[in-house]
Amino acid sequence: MKNKGGNSSGFTLIELLVVIAIIGILASVILASLNSARTKARDAALISGVQQVKTALEMYYNDNGYYPPAGSQPDGLGDDISVLQTPLAPYLSTEPTSTIQPLQYVRAPGGYGIWVHLEQNPTPQGCVTGININPSWWDGYGNPPACNF
């Protein structure tokens, strides 16, 4: 569109397309960063829940002299972490098991193990944490290494 002085006003189609493309690129970068932040937040919540369960297990051990029993699965693994809801209820202020449901809990004489799989964990088989851990408890998971938390 031309005004009376002969100067054009407004943007050309090319200029508009360039601006739209730049906005699209920026939006995709922001969304990728947001997804990474969400993954890190879920892992942080999972680690926090595992730490709460570990502290509750130690308090249970101090009061009873043994760790809570784990059920036995046909594959030799312990049950998922939900078997600890009842025995650890007095030691937990909240119920973290909804956040950490996919974990496996194994009890052995003098120790226990918790298998966890973090989304950002570089080892595909996950990692284990606990007291007197025997990696062969998780042979189906390829002897996962110890967690770094």
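Just so you know, all these numbers are worked out from the coordinates, no wet-lab data involved. Bear in mind that the values here come from a model prediction, so they are computed numbers and not experimental data. Cβ placement follows ideal geometry from the backbone for every residue including glycine, while neighbour counts extend to all protein chains displayed.
Observations on the model:
- Note on E119 and A21: their simple-model spin labels are 3.2 nm apart, each label 7 Å out from Cα toward Cβ.
- Potential lengthening between T12 and S48 on full extension [0.36 nm per residue; Cα-Cα distance subtracted]: 7.6 nm
- The modelled label-to-label distance for the pair N134/Y61, using points 7 Å beyond Cα in the direction of Cβ, is 1.6 nm.
- Projected label distance in nm at T86 and N35, using a 7 Å step from Cα toward the beta-carbon: 4.2 nm
- Karplus-derived HN-Hα couplings along the stretch 37-46 (A = 6.51, B = -1.76, C = 1.60, θ = phi - 60°), whole Hz, x at Gly and Pro: 5, 5, 4, 4, 5, 5, 5, 5, 5, 5
- Under a 5 Å amide H cut-off, with hydrogens placed 1.01 Å from N, L103 pairs with I81 among residues at least 5 apart or on other chains.
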